[in-house]
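To start, the structure under review is shown below, and the notes come after it.
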Amino acid sequence: MEGSSQLLSNPNSIDNQSSVTNSTAVAITSLVYVFAPADFSIKLVLVVLFVIFGVIGLVGNILILYFLSKKKSVPFLQSSPFLRNFNLYMKSLALSEILVISIGGVLVGIELMYDVFQNGWPCKIRRYISGTFYVIRANNLIVISTERFLSTRDVPKTFSGSTVRKLVYTAWLSGFLMGLFPAATVNGVRYDINATHYTIVCKSDISYLPTRVIMVGFVLIQIVIPSIALICMNIIIARRIWKGSKRRIDIQRDNAIRAKMRSHQIKKTSLIIIVTIASVLSYSTILYYTAFVAVAKPSLDFQDDFVIRHISRVLVFSGSAINFITYLVQMKDFRVFLLKHFCGKGAGNAQINPNVE
């Protein structure tokens, strides 16, 4: 009532309040839009990093896929279900890495330099495409590590070739479906940089409860729980193959073929462990940073936050390059194949026994 009496005793106060409101509205509407407010040099460095890791990952995984499609199986290795399925695992993983780089990476580069994916359906489509291939990569790693984990138990459980194919197809299909959930929550979110400028960021607006529920569920189901499971399974696998590699050779049970098969299994299992742990660490970095910001609430300006998030994306793409580098180091027959086709070296040995590792 006291406020009302003041307004009544001063008729001009209503006009004054109206003028203040109008001036505030004018100030808000006069803010200048800025696309990706970061220095051009910073954007250029980020693009160069994306290109470096992208080219290594793209070319490398194309070479892996081509090599596996040309490679002939060694007869004695067919008695091991894991070794029979290994090529299928690596083909699926290499294909997912190729798509992550060739489609997801290109879209990230465009998003850095051009204002085309910040709002509306372009924002949703870009997030869906990139997110889906990350999910497919993670699902492939889950399938591979689970099979390897079960096969190293005291009572080993191995998958048949048809089962492995079904699991790989399921990994891809579930990736395309799971990618829909985070993509549905994103849109252009306004961010006021200062009193005169603002920008639009394509992200999930977690101020809405349904968005929070979807994103928390997606992160737990697709990132947090699988990441913990993958790390734990691969640590256990590494311990078991380490013990197996140290056991003494029993002349009554072992022969040259069994020893060579065991060597193949250890080498290829080590490759899977390295690739899996590196991939988990790389694609989880942006999650770790987001969690840190939510809990610690550091005082970062927009440019610092922009740079850190995109460096996290660079680390995500580095997983594709690590996949190639690890395969190159671990697989001698792959190195022989590359020397034969691109350097003209080792052709004679490769023709005699192309699958020696």
J(HN,Hα) series, region 263-269, from Karplus relation 6.51 cos²θ - 1.76 cosθ + 1.60, nearest Hz, glycine and proline x
4, 4, 5, 5, 5, 6, 5
Amide hydrogen neighbours beyond the local backbone of V186, cut-off 5 Å, H modeled
none
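If you take the beta carbon distance between K157 and I311 as r and set R0 to 56 Å, what does 1/(1 + (r/R0)^6) give as a FRET efficiency, to the nearest 0.05?
Working: r = 41 Å, r/R0 = 0.73.
In this case the efficiency is close to 0.85.
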Taking 0.36 nm per residue of sequence separation and subtracting the Cα-Cα distance, how much length would be gained by fully extending the chain between K243 and F35, in nm to one decimal?
69.3 nm
Compute the distance in nm between two label points, each set 7 Å from the Cα along the Cα-to-Cβ direction, one at H341 and one at Y66.
0.5
Roughly speaking, what is the stretch gain from I42 to S102, that is 0.36 nm per residue apart minus the C-alpha to C-alpha distance, in nm to one decimal?
19.4 nm
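Under 15 Å from the Cβ of T132, count the other residues' Cβ atoms, weight Lys and Arg +1, Asp and Glu -1, and hand me the total.
+3
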Assign one of three labels to region 39-128, namely rounded, prolate or oblate, based on the Cα gyration tensor with a ≥ b ≥ c the square roots of its eigenvalues; rounded applies when a/c is under 1.5, prolate when it is not and a/b is larger than b/c, and oblate otherwise.
prolate
Roll a 1.4 angstrom probe over the protein heavy atoms and tell me the percent of accessible area of region 138-232 that is carbon or sulfur.
72
Give the long-range amide H neighbours of C202: residues separated by 5 or more places, or on another chain, with amide H under 5 Å away, using H modelled in the peptide plane at 1.01 Å from N.
V189
Taking the solvent-accessible surface of protein heavy atoms with a 1.4 Å probe, what is the per residue accessible area of region 79-156 in Å²?
36
Taking 0.36 nm per residue of sequence separation and subtracting the Cα-Cα distance, how much length would be gained by fully extending the chain between S207 and A229, in nm to one decimal?
4.9 nm
Cα→Cβ-extended label distance, 7 Å offset, between I266 and S174, nm
3.3
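The values are calculated or read from the model by the stated rules, or taken from the named source; none is laboratory data. Note that this is a predicted model, so its numbers are computed, not measured. Every residue, glycine as well, gets a Cβ built from its backbone with ideal geometry; the counts of neighbours run over all protein chains shown. Heads up: the accessible areas ignore ligands, DNA and RNA and are worked out on the full protein's heavy atoms, side chains in. Shrake-Rupley method; radii C 1.70, N 1.55, O 1.52, S 1.80 Å.
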